[in-house]
1. Below 14 angstrom from the Cβ of Pro18, what's the summed charge of the other residues (Lys, Arg +1; Asp, Glu -1)?
2. For the range 57-114, taking Cα atoms only, what is the radius of gyration to one decimal and the Dmax to the nearest whole Å?
3. Place +1 on the Cβ of every Lys and Arg and -1 on the Cβ of every Asp and Glu in the chain, take the dipole about the Cα centre, and give the residue among Ser21, Leu47, Gly100 whose Cα lies farthest towards its positive end.
4. Kindly express, to the nearest 10 degrees and within the range 0 to 90, the angle between helix 43-59's C-alpha long axis and the longest C-alpha principal axis of the chain.
5. For the chain, report the convex hull volume of the alpha-carbon atoms normalised per residue, in Å³, without decimals.
6. First select every other residue whose beta carbon is under 12 angstrom from the beta carbon of Thr92; then total the charges, Lys and Arg +1, Asp and Glu -1.
7. Could you line up Trp24, Trp60, Trp107 from fewest to most neighbouring Cβ atoms inside 10 Å?
8. With +1 assigned to the C-beta of every Lys and Arg and -1 to the C-beta of every Asp and Glu, and no other charges, what is the dipole magnitude of the chain about the Cα centre in debye, to the nearest 20?
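Values in this text are rule-based calculations from the coordinates and carry no lab data. Since the model is a prediction, treat every value here as computed from it, not as a measurement. Here Cβ is always computed from backbone atoms with ideal geometry, including for glycine, and neighbour counts include all displayed protein chains.
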Amino acid sequence: MTQTPLSQAGPSASLRPPPWSYAWWALTGAVVGFGVVGLLTIGIFLLPVGLALLVVGCLWKPLQNSSATAAVGGLAAAPLYLAWVNRDGPGTVCETLADGTSCAERWSPWPFLAVAVVLVAVSVTAVTKTRRAR
């Protein structure tokens, strides 16, 4: 049994996007996701950054490949964060502080977690299908 050198492994080996391009698109999706979720606060500052990352990703040749599907997975960061913040919900959650008690109304974390899981699953499925199609 002989081994084939990497240069002769086939056309798909050289066409696979580099790992950093997936990270770029995941970061772009996360910034856009947090920008939308926090639109009335910090989102006004995050959306232009996300838009800039998106434009650079669309115009820069090394990022014009199937790694753009990772942006969907990056969008999952915002609902996952919301699920974490509301992890003690639903209902009123109180905590004891040094000078008293603080209570806050929390939502159920499960819808946020479900959205995050679906987004990650869609992204992983898309990346897997684009890799197998080559």
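1. Numbers: positive: Arg16, Lys61, Arg131; negative: none.
The answer is +3.
2. 18.6, 57
3. The one lying farthest along the dipole's positive direction is Ser21.
4. It works out to around 0 degrees.
5. Numbers: hull volume 22.0 nm³, N = 134.
Taking only Cα atoms, the chain has a hull volume of 164 Å³ per residue.
6. On the way: positive: Arg106; negative: Asp88, Glu95, Glu105.
Taking every other residue near Thr92 into account, the sum is -2.
7. Working: Trp24 23, Trp60 11, Trp107 14.
Final ranking by Cβ density, sparse to dense: Trp60, Trp107, Trp24.
8. On the way: 8 positive and 4 negative charges, 188 e Å.
With Lys and Arg at +1 and Asp and Glu at -1, about 900 debye.
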